[in-house]
Amino acid sequence: MKRVPLIVGGKRCWRTASVLYSIVPALLLCLSLFVPKTLAASAVPYRGLTPGISTLQDTLRLLGKPVAKVYSDDRIVCKYRSVQVSIPKKSGKVQYILIFDTEFRDVNGFRLGSSYSEIRKKLNNDGAGNSIVDLNKGIGYIFDATGRVEQIVYGIVR
C-alpha cells in the first residue's frame, strides 16, 4: 500500500493511501459547510452539469450511461471512466463531481498534475492538508504525495 503525507496540526505524518481516500468524502463534507448557499447559482459547470442545479437525468443525458451506479442509503454515485457524479437522494441535485480526466483543464487553467505551489500562488490560498479549495468557484484540488493534483472536485455545495 502506498504511503502518502498528510499534514495534521501543521505537522506532516504518513498515512496509507487507503486511509487518505477513505477520508476524502468526509473532507468534502466538512469543506462544504463553509461554502455559501449562493454558490449553486454561481457554480462552475462540467460538460454542462452544474452542481446544485443538475439532476440524475441531466447527468445521464449529458454524460451517457455510467460504467457503474452505486446506490447507498442517502445518495447515488454515477461512475464514469474519468469522472464520478454524486447525487444525494434528498435533493436530487448533483452535489459534487470528482474529475480524474487527464485531458481536462478547469476554469482556473489547472489540470491533473498541476502543482500545489502553482495553485496556492494563483488562488492566494494556503489550503488544508492535501487540498486547496477555490471558494469563489466551488472547486477543490486534491493532491498526491508529490504535491500534484490527482483529483479536481467541482461543486463543493450544501
Practice prompt. Run the quick spin-label model on Arg105 and Lys122: label points 7 Å from Cα toward the beta carbon, then report their separation in nm to one decimal.
Written response: 0.9
Practice prompt. Rank these residues by their accessible area, most exposed first, probe 1.4 Å: Arg120, Arg75.
Written response: Arg120, Arg75
Practice prompt. Could you check the simple spin-label distance between Lys79 and Arg47, using points 7 Å along Cα→Cβ, in nm with one decimal?
Written response: 1.6
Response to the item:
With label points set 7 Å from each Cα along the Cα-to-Cβ direction at Asn136 and Val70, the distance between them in nm comes to 3.3
Worksheet entry | Nearest-10 value in Å² for the accessible area of Glu150, using the 1.4 Å probe | 40
Worksheet item: How big is the charge dipole of region 32-156 about its Cα centre, in debye rounded to the nearest 20, if each Lys and Arg gets +1 on its Cβ and each Asp and Glu gets -1 on its Cβ?
Response: 340
Worksheet item: Ranked from highest to lowest mean number of other Cβ atoms within 10 Å per residue, what is the order of the peptides 82-89, 121-128?
Response: 82-89, 121-128
Worksheet entry | HN-Hα J in Hz across region 67-83 - Karplus 6.51, -1.76, 1.60, θ = phi - 60°, x for Gly and Pro | 5, 8, 10, 10, 9, 10, 4, 10, 7, 10, 10, 8, 9, 10, 4, 10, 7
Worksheet item: So what are the ³J(HN,Hα) numbers for region 118-127, from phi and the Karplus equation (6.51, -1.76, 1.60; θ = phi - 60°), rounded to whole Hz, Gly and Pro as x?
Response: 5, 5, 4, 5, 5, 8, 6, 9, 7, x
Fill in: Backbone N within region 115-158 under 17 Å of label point (7 Å from Leu62 Cα along the Cβ vector)
137-140, 152-158
Response to the item:
Relative contact order in percent for region 71-139 (Cα pairs under 8 Å, 6+ apart) equals 15
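The values are calculated or read from the model by the stated rules, or taken from the named source; none is laboratory data. Nothing here was measured: the structure is a model prediction, and the numbers come from that model. Every residue, glycine as well, gets a Cβ built from its backbone with ideal geometry; the counts of neighbours run over all protein chains shown. Quick note on the areas: whole protein, heavy atoms, side chains included, nothing else; ligands and nucleic acids left out. Shrake-Rupley method; radii C 1.70, N 1.55, O 1.52, S 1.80 Å.
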